[in-house]
1. Go through segment B:1-47 and count every residue that is aromatic (Phe, Trp, Tyr), facing chain A (nearest Cβ under 9 Å) and surrounded by fewer than 18 Cβ atoms within 10 Å (Cβ to Cβ).
2. Kindly indicate which of A:50, A:54 is within 11 Å of chain B (Cβ to nearest Cβ), under 18 Å from residue B:35 (Cα atoms), at pLDDT 85 or above and part of a helix (DSSP H, G or I).
3. Report, by residue number, each residue of segment B:145-186 that is assigned to a helix (DSSP H, G or I), surrounded by fewer than 16 Cβ atoms within 10 Å (Cβ to Cβ) and either among the polar types (S, T, N, Q) or at pLDDT 90 or above (or both).
4. Do you know which of the residues in segment A:103-125 that are in contact (Cβ under 8 Å) with a residue 12 or more places away in the chain, surrounded by 12 or more Cβ atoms within 10 Å (Cβ to Cβ) and over 18 Å from residue A:186 (Cα atoms) is farthest from the other protein chains (Cβ to nearest Cβ)?
5. Mind checking which residues of segment A:251-281 are of a type in the set (D, E, K, R) and in contact with a helix residue (DSSP H, G or I) (Cβ under 9 Å, 6 or more places away or on another chain)?
6. Given (1) closer than 15 Å to residue A:156 by Cβ; (2) aromatic (Phe, Trp, Tyr); (3) at pLDDT 90 or above, identify the lone condition not met by residue B:29.
7. Across segment A:58-102, which residue is surrounded by the most Cβ atoms within 10 Å (Cβ to Cβ) among those that are facing another protein chain (nearest Cβ under 8 Å) and out of contact with any helix residue (DSSP H, G or I) (no Cβ under 9 Å at 6 or more places or on another chain)?
8. Give the residue, chosen from B:194, B:138, B:199, that is at pLDDT below 85 and surrounded by fewer than 16 Cβ atoms within 10 Å (Cβ to Cβ).
Amino acid sequence: MKIFGKRLFQPRTIWIRRVVQWFFFLLIALIAVNHTLVENGGGIPFLSTASLHALCPFGGVVTIYQYFTVGTFVQKIHESSFVLMIIGFVMAFFFGPVFCGWICPMGTVQEWVSKLGKKFFRRKFNHFVPEKLDKVLRYLRYVVLAWVIYVTATSGTLIFAEYDPYFALFNFWTSEVAIGGVIVLAVTLLLSLFVERPWCKYACPYGAVLGITNLFRVFQIRRVEATCKADGACSILCPMNIPVDAVKTVRDHQCISCLECTSEAICPVAKTVVFNAGGIK
Amino acid sequence: MNLTSKPLAAIIFVIFFGGIAISTAMGTWVTESTKEAAVYTEGDFAGQSNPADIRGSYTFGDVEKNFGISPAVLAQAFVIETADPATFAVKGLEEIYAANEFEIGTASVRLFVAFYNGLPIDLSIDTYLPENAAGLLKERNLTPEQLTYLEAHTVPNPAAVPAAPEVAPAQGAESAPAAEPTPSVAASEASTEKLVKGKTSFQEVLDWGVSQEAIEQVLGLPMPNSLTKIKDFCTEKSLDFETVKPALQTEVDKVK
């Protein structure tokens, strides 16, 4: 950050988050490749051969209806999806949607592409969509969520796989990938040049589910007004455009717990934007 | 209590992989299909496996597990030459019948299973069956509507495999003097073997002509879902399978 040409503060980043993101991206990519290799008689030893559907926590969400009414899983969904869904919920209950901000490879890829966008558009990046329109579009992912749950419950098949960019990302080399998924992935990556995490903001049904936990999670992002210098840095850097500097506690349904707004990263004042559990000393 | 990024990263790893480890220890970390077909949720067949849920990844062995039709019968119906029909994947049919004008694939197996077991299936879609399958089904109790559908949706067997009228039950076995039986003949023999074994289901005994009343008389209990394995039922109800088996075999032999 420069004032009158002098560098006063070097913005830090949550580097450990990048490490975790890389780890999960590589893990899922390797497993997806291994799945293909095994189907063709090869395979990487000591690595899971699970299909991508088996490793998707959202698969657990969409199969809930069928599981409790019929007692079986939706086609291609397995018990592991259910387990991952529960793990995702446990993490979200305590820390918010850390799955989105730290684990999900789809979010990671969008962030990588967005780095290019930041270079091209600088301060204009992530501020292309008019605020009013943006506010409305943010609820679109709940419409997607309702649609996915409805069509899955009524058809008993994983119709969302036909449009799922996450599935397309790790299956574009197989015959299983649907053209709809490839198109959605391509559009998402293109939009990532202009907007940070467009899929997460406007369409991701799993993000919609986890986002609800922002209303009641145990650990919250909090801003200490007494020491806050109101420089707006926290809001400017927030990938989800949340006005952190305007609230005491972030309860926005879009927060992904990336911690980039905290005093550990962009906020220049120590212990001013913190991630804490209010009641726990 | 404040939390910074490094402890949070550690917590994420612990919850994520710890959760998977616990689930593995509990036997709930399953990443492959158990190949269990969905059941009808309403109507007269509620609770029974629904053939519409058969998937391409099912083997003939999986179809047997769900619907009690032996892999040998399925191999015979779809003219599959293999030493172990139980391991044949349903999706393999599309490749075998690729040259056919009409598609024979997973939907064909669904139709065959539904007609074979007398289960309802949507007939508004055109699904085709090879001559062998149609021949086997005509020996079952099909409704006039099903028979009409079958007549209009039968296609020739694949050219590479001999059509199998000689493998029709009983007759085929007697009139096949060849030293080495073809896989199709072997399939036929397996399907005509009427022996009550550990894997035999009530449906098979019904198929062999034994009435439900006769079965219930042997059991001394109401018959469960027809796809239940007799041995499983005996274990569940604390009946001695070694007593039930010969008694049922006697009933089977009576109607042979």
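The values are calculated or read from the model by the stated rules, or taken from the named source; none is laboratory data. Since this is a predicted model, take the numbers as computed values, not measurements. With ideal geometry, Cβ positions are generated from the backbone for all residues, glycine too; neighbour counts draw on all protein chains shown.
1. Counting residues in segment B:1-47 that are aromatic (Phe, Trp, Tyr), facing chain A (nearest Cβ under 9 Å) and surrounded by fewer than 18 Cβ atoms within 10 Å (Cβ to Cβ) gives 1.
2. When all the criteria are applied, what remains is A:54.
3. Of everything in segment B:145-186, those that are assigned to a helix (DSSP H, G or I), surrounded by fewer than 16 Cβ atoms within 10 Å (Cβ to Cβ) and either among the polar types (S, T, N, Q) or at pLDDT 90 or above (or both) turn out to be B:145, B:147, B:148, B:151, B:152, B:171.
4. Top of the filtered list is A:121.
5. Residues satisfying the conditions are A:251, A:252, A:260, A:264.
6. (1)
7. Going through the qualifying residues, I end up with A:70.
8. B:199
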